[in-house]
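What follows is a short report on a single structure.
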Amino acid sequence: MSTQQDNIFQQIISHAKEYGFVFPSSEIYDGLSAVYDYGPYGSELKKNIREYWWKSMTQLHDNIVGIDAAIFMHPTTWKASGHIDNFSDPMIDNKDSKKRYRVDHLIEAKADTLAQEGKKEEEFALLQKMDNLLAAEDFDGLKQLILDNNITCSVSGTANWTDIRQFNLMFKTEFGAVAADNPDDNIVYLRPETAQGIFVNFLNVQKTARMKIPFGIAQTGKAFRNEIVARQFIFRMREFEQMEMQFFVRPGTEAEWYKFWKEERLNWHLSLRLPKEKYRYHDHIKLAHYAKEACDIEFEFPIGFKEVEGIHSRSNFDLSQHQQYSRKKQQYFDNDINPATGKPYGNYIPYVIETSIGLDRMFLLILSNAYEEEKITKEDGSTDSRVVLHIPAKIAPVKLAILPLLKKDGLPEIAQELLASCKPYFKCFYEEKDAIGKRYRRQDAIGTPFCVTIDHQTKEDNTVTIRYRDSMQQERIPISKVKQLVLEAI
RNA sequence: GCGGAAGUAGCUCAUUUGGUAGAGCGGUAGCCUUCCAAGCUUCAGGUGGCCGGUUCGAGCCCGGUCUUCCGCUCCA
């Protein structure tokens, strides 16, 4: 990352705070690490992105319905999903190189070395010991295992290790007002992903909405991860919002649906007229425990290419796990005729294709892509600059600014009339203070795509000046056409 | 969490070896103004991140602490 790109990212963060998009959480108490609040314009923009996604999923696809599941879920959910076992990694630091390792990765690397040296038995014994110690959560024993096997840091080459510490990425809290005899009995977790709320409701949704495979369930909502370190502004937060869709398909068709959603989701991004050259796919080679195929949609942020969205082929892992842990059948009866047998496909646990996008990341994507410090050459040849957010009109926080040129001669009254006729349909902003140029710049800074100005000519022929954010061009149109023009753009 | 850097008004920064904090921009209220940050006036806003130490005296020196940024790690 270059210093210049670094600066741009800093400027975007400053701009976001100064113009009421994003504030650090609890800022008067020095903030809370990796937690942020959305301000007046930020909450509008975030809501608009969420609605744009929701509409594209549940309204434009006939076979996708939405749900809104609770953040709290039965603790066994996380046992079944694998989060309790796989979401807490013991870590160890080398004091000399300051490099941090996952303990299992470190020991496995040593085992690989032993295998290459032909010491198969030692390799096996080492892994066996590690598994036992991990299962027992015996961190002292694991550290001793590392020391006994003379495992060193690849950077410093020393065995100067810290103690092993557990980082559980799920937030815990207590459920119910009365303390239980066994404290473990009333522990609940804040969900680390929204997907499980969809899986456990699979049959409820399928039956009540009378869905036939293939179909999808969409959901937006908060998720929580106690990250070891969370930084880079709203890119990695401890509390964040996901927009997820789980698409249930007949086993054997998952590859084609994976391909379909991979393309479909990129097209969604491009439908906001975001630059195609800043997007790329990143196919996963090393897969998560549940995944069959997986890729990320990455976007080139000022801090480099980063993941915005993931598309995963999850097989029937999640539903099978829930069937096993809940002892409730998670099957679907497929009445369609299988041409190979001439009979219905029958009962099966569906396969799942997941699309999962971070709303906060999408917000940051929009902001990074929109932000521009533009140099302007004026008519008299002098130069000027403006900060403008080229936010797509469909999701801009404010759609239209209504500005009387002067705050007298009846101009504000006409402007108020226009405001009253537009504000039931979209978000407007009214201002009569300061010079017109200054008001335009303020609207540029929050990304308002249209400004209209009411002047004396309006009183004569009912026309107004409309000024476009991106081109700064302006033209006269009848005041009666303003609402329609904005509605067509959003 | 570990290592590096930084913290003075909303923002950008001053305060030249320690002597009780200032400017520009922005904001606010008003005057004036017929289209891209114009001008004049008014007002608001800081116990110098916080705590402690040295000193007659600390924004400045020392220690601790908190927060932010960068790297390691993880992921949406």
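The values are calculated or read from the model by the stated rules, or taken from the named source; none is laboratory data. On a predicted model such as this, the values are computed, not experimentally measured, just so you know. All Cβ positions, glycine included, derive from the backbone under ideal geometry; neighbour counts span all protein chains shown. Each accessible area value is taken on the protein alone, full model and side chains, heavy atoms only, with ligands, DNA and RNA left out. Shrake-Rupley method; radii C 1.70, N 1.55, O 1.52, S 1.80 Å.
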- Task: Among A:Ser81, A:Val103, A:Ile297, pick out the residue whose Cα is farthest towards the positive end of the charge dipole of chain A, where Lys and Arg carry +1 and Asp and Glu carry -1 on C-beta, about the Cα centre.
- Result: A:Ile297
- Query: How much accessible area does A:Phe240 have with a 1.4 Å probe, in Å² rounded to the nearest 10?
  - Reply: 30 Å²
- Ellipticity estimate at 222 nm from DSSP helix runs (n ≥ 4, -39,500 (n - 2.57)) divided over chain A, nearest 500: -10500 deg cm²/dmol
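If you stretched the chain out fully between A:Ala255 and A:Glu372, how much longer would it get, using 0.36 nm times the residue separation minus the C-alpha to C-alpha distance?
38.1 nm
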- Note on the structure: Excluding residues fewer than 8 positions from A:Lys207 in its own chain, the aspartates and glutamates with Cα under 20 Å of it are A:Asp62, A:Asp68, A:Asp318, A:Asp334, A:Asp336
- Rounding to the nearest 20 debye, state how big the charge dipole of the stretch A:1-83 is about its Cα centre with +1 on each Lys and Arg Cβ and -1 on each Asp and Glu Cβ. 260 debye
- Note on the structure: Within the stretch A:184-245, DSSP-loop GluC sites (Glu not before Pro) with at most 16 other C-beta atoms within 10 Å are A:Glu227
- So the angle from the long Cα axis of helix A:40-58 to the longest Cα principal axis of chain A, reported in degrees to the nearest 10, equals 70 degrees
- Item | With all protein chains modelled, accessible area of A:Glu108 [1.4 Å, Å²] | 80 Å²
- Which of the lysines could a cross-linker span from A:Lys408 if the Cα-Cα distance has to be under 30 Å and same-chain partners fewer than 8 positions apart are dropped? A:Lys378, A:Lys399, A:Lys423, A:Lys427, A:Lys433, A:Lys438, A:Lys459, A:Lys481, A:Lys483
- Reachable lysines from A:Lys129, Cα under 25 Å, same-chain residues fewer than 8 places away excluded? A:Lys79, A:Lys95, A:Lys99, A:Lys110, A:Lys119, A:Lys120, A:Lys143, A:Lys286
- Query: Share of antiparallel DSSP beta bridges in chain A, in percent to the nearest 5?
  - Reply: 85 percent
- So what is the relative contact order for the stretch A:335-490, in percent, with contacts set as C-alpha pairs under 8 Å and at least six apart? 20 percent
- Once a ≥ b ≥ c are taken as the square roots of the eigenvalues of the Cα gyration tensor of the stretch A:398-489, is the result rounded (a/c under 1.5), prolate (a/b larger than b/c) or oblate (a/b not larger than b/c)? rounded
- Task: Towards the positive end of the charge dipole of chain A, with charges on Cβ (+1 Lys, Arg; -1 Asp, Glu), say which of A:Leu147, A:Leu190, A:Gly118 has the farthest Cα.
- Result: A:Leu190
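So what's the projected area for chain A, the Cα convex hull averaged over all directions, in nm²?
33.0 nm²
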- Query: What is the magnitude of the charge dipole of chain A about its Cα centre, with +1 placed on the Cβ of each Lys and Arg, -1 on the Cβ of each Asp and Glu, and no other charges, expressed in debye to the nearest 20?
  - Reply: 1180 debye
- Inter-site label distance for A:Ser326 and A:Leu419 at 7 Å from Cα along Cβ, in nm: 5.1 nm
- Query: Counting only protein heavy atoms, what percent of the accessible surface of chain A is carbon or sulfur at a 1.4 Å probe?
  - Reply: 48 percent
